[in-house]
There are 2 protein chains.
Amino acid sequence: MRRLDAEALRDLARGAAIFGAGGGGDPYLGELAALRALEEHGPPVLAEAAELPDDALVVMAIMVGAPVPLVEKLAFGNELVSAYRAVAELLDRPPAAVMSPEIGGINSILPIALGAQLGLPVIDADAMGRAYPEIHQVTLTLFGVSASPFALADEHGNTLVLRGVTNEWVERLARAAVMEFGAICPGVGYAVSVARLREAAILGSVSRAQAVGRAMRVARGGKASVIDAVLQITGGLRLFTGKVVDLDRQTRRGWSMGRALIEGAGEHRGTLMTIDFQNENLIASVGDEVVAMAPDLITVVEQDEGTAITSENLRYGLRVGVIAMPCDQRWRTPAGIALGGPRHFGYDLDYAPVERLAAQRRPLPARHD
Amino acid sequence: MRRLDAEALRDLARGAAIFGAGGGGDPYLGELAALRALEEHGPPVLAEAAELPDDALVVMAIMVGAPVPLVEKLAFGNELVSAYRAVAELLDRPPAAVMSPEIGGINSILPIALGAQLGLPVIDADAMGRAYPEIHQVTLTLFGVSASPFALADEHGNTLVLRGVTNEWVERLARAAVMEFGAICPGVGYAVSVARLREAAILGSVSRAQAVGRAMRVARGGKASVIDAVLQITGGLRLFTGKVVDLDRQTRRGWSMGRALIEGAGEHRGTLMTIDFQNENLIASVGDEVVAMAPDLITVVEQDEGTAITSENLRYGLRVGVIAMPCDQRWRTPAGIALGGPRHFGYDLDYAPVERLAAQRRPLPARHD
């Protein structure tokens with residue numbers, strides 16, 4: 001176990017946003033939330049799964065809903081604890097730790113704030129290795145871990161506890177409720193033993209995000225490219241460089257959904273990248289060629305500083321790099337692809353790993369005039 | 001306490017539908033459900049509130065949602081018991097009885113079926129003295145009784161427990177969830193002590209509904225007018241007689257909403273009645289004169305048999321009588337009118353009791369040709 005100081009929290013928020021793949025909430029708000037938690041409750045404790053007994057219970061905390069109104073509604077207050085208590089009172093033993101089901105700007109920090117408030121450690125792991133728009137899109141679902149009981153709470157003091165026969169039902173019911181809770185609210189669920197976490201979760205992902213954030217900080221201080229530093233640690237690849245020239249985005253059914261067009265610059269001049277997103281970036285294409293798709297991670301970063309830009313923060317004129325990172329191997333199984341791949345989101349596309357797509361890409365043919 | 005046999009249950013379903021004021025579910029389905037409960041679990045027990053100790057806990061069971069799909073989804077099975085158990089496990093003592101929050105075709109029977117299944121008596125009372133479309137529209141709300149914890153359950157095995165800071169919040173959240181539960185599902189909540197019921201509930205209303213149903217049966221067997229028999233017991237008045245000539249009805253936000261036009265016959269020939277409904281009939285007008293409005297009860301009955309016709313069973317060409325009955329006095333307080341009167345439903349109308357409106361009505365002026 002180790003304590004996270006202000007620098008660690010800032011690094012974590014910065015790095016986690018890279019893994020957010022366009023979702024997971026604004027990393028700047030994540031940083032603010034982390035620092036507030038630190039101030040109010042002292043340094044939070046990060047624990048490896050191996051440091052807890054097999055039968056220790058862990059619960060997950062996450063923001064459910066569209067990230068858009070989050071700025072006005074930075075809800076790390078009582079509603080998060082209300083949702084936690086609504087679940088905890090239904091379990092046969094008190095939770096020993098909390099955890100984030102996803103890596104992403106705010107959602108990596110939320111459980112840390114909760115853990116600090118409750119005096120519980122946060123597990124150095126997540127259940128996606130990225131961010132995803134739906135509650136049931138976690139590796140835990142692939143391993144048969146139930147999301148129920150799953151609680152939502154709002155700032156008025158309302159709580160709601162769901163017991164779904166499947167995790168997909170929890171998602172459907174929570175989605176309907178979250179609309180009445182002002183489009184976004186904290187959710188707590190997925191009570192699971194540490195023993196099951198060891199096989200079903202992405203272990204060490206909080207430390208990895210922190211390492212990425214640290215490398216970004218170091219690169220900014222020196223002369224190295226921040227994007228290169230990220231790619232080096234994550235094993236990712238640069239898909240595109242350019243400028244956002246068109247943006248079609250709306251909040252629908254509790255998600256920020258839409259498409260961004262990026263006009264190529266430098267070696268990509270003369271080509272156009274399209275990114276489809278549903279909170280998270282799902283499909284990246286250059287022209288009519290798909291170059292990356294979920295479950296692999298597609299992240300848009302600000303060109304110079306390398307800061308991850310969430311889909312709700314995309315703006316016309318922004319100069320960006322687009323990077324892709326291979327997802328966790330559990331997402332590349334048939335069940336993983338079915339739950340997190342292109343067909344899940346309604347695209348008539350067979351999943352192909354981003355490395356293979358990159359290897360198949362040929363340089364643009366010489367132009368015949 | 002007394003046991004209800006098949007005839008008692010049929011009388012109750014028939015009579016309760018009259019108090020349903022267009023809502024509360026199809027009385028025929030109510031009768032079927034009652035007989036099924038009787039067959040499966042033996043005669044249910046009806047208890048007066050005075051027969052239980054002051055601190056005995058009572059919970060309410062009701063169908064939440066639009067009555068339209070109820071025919072395909074007659075959900076008096078496991079989901080009702082699931083919703084009950086989800087609430088019961090959160091209470092500090094086990095419920096001693098169940099009760100219907102409303103009088104209406106199916107909703108008067110639902111708690112009887114539940115009570116029979118659980119071996120618990122049903123209280124001879126309700127919390128509206130009529131039916132209303134929203135969960136918080138009960139006299140209990142006027143007396144500060146909380147609807148929470150309030151559980152919903154579906155036929156798949158999903159359950160959902162709401163704790164709203166107000167009963168209106170319970171309604172909002174349940175309404176959102178019920179959409180995902182196929183537009184209608186059973187709900188259980190309003191755990192309350194018998195002592196509080198004695199001031200806040202409409203006592204004896206199940207017996208009253210049974211008496212109305214019995215009088216209807218007797219009138220049908222003899223030569224008396226069924227409608228007159230109903231009016232005699234309920235203190236109601238006949239508003240109109242005619243034929244349904246137009247119907248605008250849709251399912252919106254979990255309700256059956258719309259307007260019916262009835263062309264006058266007999267003494268009402270040459271005039272047109274309009275009835276606005278949201279599950280329940282809300283406003284009845286003749287020409288541009290409002291003749292009855294909620295919280296008073298407006299019920300459409302089949303002309304000869306006197307059977308109550310719910311708003312979802314209204315059909316073009318049906319020959320009907322329209323009757324009105326004064327509501328319980330608690331609905332005529334300022335708080336009662338605010339919760340159950342015309343402005344609650346968006347009508348820019350001051351409430352006036354149906355008896356006063358009737359006294360103010362003048363016969364149609366002689367026609368000048």
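The values are calculated or read from the model by the stated rules, or taken from the named source; none is laboratory data. Predicted model, so just to flag it, every value in this text is computed and none were measured. With ideal geometry, Cβ positions are generated from the backbone for all residues, glycine too; neighbour counts draw on all protein chains shown.
Here are the numbers for the structure shown:
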{"read-out": "Among residues of region B:286-296, those that are in contact with a Ser or Thr (Cβ under 8 Å, 6 or more places away or on another chain) and surrounded by 19 or more Cβ atoms within 10 Å (Cβ to Cβ), counted", "value": "2"}
{"read-out": "Residue identified as closer than 27 Å to A:Ala183 by Cα and surrounded by fewer than 24 Cβ atoms within 10 Å (Cβ to Cβ) among A:Arg319, A:Arg315", "value": "A:Arg315"}
{"read-out": "Condition check for B:Val188: among the β-branched types (Val, Ile, Thr) and either free of Cβ contacts under 8 Å to residues at least 24 places away in the same chain or more than 10 Å from chain A (Cβ to nearest Cβ) (or both)", "value": "yes"}
{"read-out": "Subset of region A:305-315 [in contact with a Ser or Thr (Cβ under 9 Å, 6 or more places away or on another chain) and within 21 Å of A:Ile227 (Cβ to Cβ)]", "value": "A:Gly306, A:Ala308, A:Ile309, A:Thr310, A:Ser311"}
{"read-out": "Matching option when the condition is of a type in the set (Gly, Ala, Ser), out of contact with any helix residue (DSSP H, G or I) (no Cβ under 8 Å at 6 or more places or on another chain), closer than 25 Å to B:Cys185 by Cα and at pLDDT 85 or above, among B:Ala21, B:Ala13, B:Ala17, B:Ala47", "value": "B:Ala21"}
{"read-out": "Those residues of region B:255-285 which are of a type in the set (A, V, I, L, M) and surrounded by fewer than 21 Cβ atoms within 10 Å (Cβ to Cβ), in sequence order", "value": "B:Met257, B:Leu261, B:Ala265, B:Leu272, B:Ile283"}
{"read-out": "Search result, residues across region A:317-340 that are outside any helix (DSSP H, G or I) and either out of contact with any Lys or Arg (no Cβ under 9 Å at 6 or more places or on another chain) or among the basic types (Lys, Arg) (or both)", "value": "A:Arg319, A:Thr333"}
{"read-out": "Test result for B:Pro149, over 19 Å from the mean Cα position of the chain (by Cα), away from chain A (no Cβ under 14 Å) and either at pLDDT 90 or above or crowded, with 24+ Cβ neighbours inside 10 Å (or both)", "value": "no"}
{"read-out": "Some residue of region A:157-179 being more than 11 Å from chain B (Cβ to nearest Cβ), surrounded by fewer than 23 Cβ atoms within 10 Å (Cβ to Cβ) and more than 19 Å from B:Ala86 (Cβ to Cβ)", "value": "no"}
{"read-out": "Which listed residue, of A:Leu74, A:Leu38, is more than 16 Å from A:Glu102 (Cα to Cα), at pLDDT below 90 and outside any loop (DSSP other than H, G, I, E, B)", "value": "A:Leu38"}
{"read-out": "Selection status of A:Gly129, at the interface with chain B (Cβ under 10 Å from one of its Cβ atoms), small (Gly, Ala, Ser) and over 17 Å from B:Thr159 (Cβ atoms)", "value": "no"}
{"read-out": "Any hit, region A:235-254, residues being touching a residue at least 12 places away in the same chain (Cβ under 8 Å), crowded, with 19+ Cβ neighbours inside 10 Å, closer than 30 Å to B:Glu180 by Cα and within 14 Å of chain B (Cβ to nearest Cβ)", "value": "yes"}
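Results for (1) more than 20 Å from A:Val87 (Cβ to Cβ); (2) surrounded by 21 or more Cβ atoms within 10 Å (Cβ to Cβ); (3) among the polar types (S, T, N, Q); (4) at pLDDT 95 or above, shown as yes or no for each residue.
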site: A:Gly189; (1), (2), (3), (4): no, yes, no, yes
site: A:Ser193; (1), (2), (3), (4): no, no, yes, yes
site: A:Ala201; (1), (2), (3), (4): no, yes, no, yes
site: A:Ala211; (1), (2), (3), (4): yes, no, no, yes
site: A:Gly222; (1), (2), (3), (4): yes, no, no, no
